[in-house]
1. Taking the Cβ of ILE92 as the center, what net charge do the other residues with Cβ under 15 Å away carry, scoring Lys and Arg +1 and Asp and Glu -1?
2. For labels at TRP24 and LEU116 in the simple 7 Å Cα→Cβ model, what's the distance in nm?
3. For VAL31 paired with LEU230, estimate the spin-label separation in nm (one decimal), with each label point 7 Å from Cα along the Cα-to-Cβ line.
4. Modelled label-to-label distance, THR107 and ASP259, 7 Å Cα→beta-carbon offset: nm?
Amino acid sequence: MEWPTIEVSSSKAHTEYKFIGGSWLPMLMSVTMLATIFVPYLIVLARGNLNPFLPFVSQVSGSPPQSGIFNLFLSISSLIAFIGLNLLFMGIRIQKKRLQDEWVRQTASLLNKISLIPGHVGILGMVIVGSYPIDFYRKTEIWVGVTIIPHLIGALSLFLGGLFYCIIITYLMALLHPEQKRILGIRIFLVSLITMCSALLGYSVRDGFSLEEDIATSCAIQPEDVRYNLSYLICSVCEWSLLLAFIIFFMTLQEEGKDFCFTMCISLREDEKSTTGEEDTEKVKNDENHNTGTADKEPAVIEEQS
């Protein structure tokens, strides 16, 4: 990972920050996502109230205090993803103009715009999942309506939005960087893995746990509460593999991030108005001087002719 070089330039009217290199942004998001899933898991292991063998991520982060840490890291990850997604969109808008083939340039432009839809849907899903953590063994009568349904909607938005975004970005980067065949192969493998895990997870999640279990009122989750079966193991393996595949995929975007340079300019509104006013005044003066010079030359020409 290459940390950005920051150049700062300031004047009376504004201050400008220039970030050279953006490979740190996808790496920062990946590290934050790893902390999102593994820090709550380590807390559960330390407390000893959940079997360490292949628990659901939702089980790990469903109860305090790990639920708060899960929500905190997931919110930070969604913020980084929102910034990175839009910066990548603006960077590709500039990069596609250098393509020679007209069809490739038009296709890249269209895919770049379309990628915003699943990308933002996936980020919204991250926020919803963090806002509605679930605990399969701390249920109440209204558990299904107020917890599990919003959580599953968020998870569906996250997985499907992330999947379609990865597919679009994989093809888009293949158009922009056809020489990166090794990274393209890695991304195709990760997208295939994400697709397979999403399909298996959606197929077996209903059998992995039952919504018709006896309602538990105890706040404690004991290791023996987890009922292992084939569907449960498939769901758990697919969920962990799916999240890790997403994280590794975003790590690969650091190669494209090296090509970008981001500039942020900060100024006060009153200074901006005064600067604009001075530029307009100078422009008017130049126009007046130009017009005056033209008018002065006309009598001289007439005198010479006479």
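1. +4
2. 2.7 nm
3. Going from the VAL31 label point to the LEU230 one covers 4.3 nm.
4. Each label point lies 7 Å from its Cα, and together they span 1.6 nm.
Where a number appears in this text, it was derived from the coordinates with a stated rule and is not lab data. The structure presented is a predicted model; accordingly, all values stated were derived computationally and were not measured. In this analysis, Cβ positions are derived from the backbone assuming ideal geometry, glycine residues included, and neighbour counts consider all displayed protein chains.
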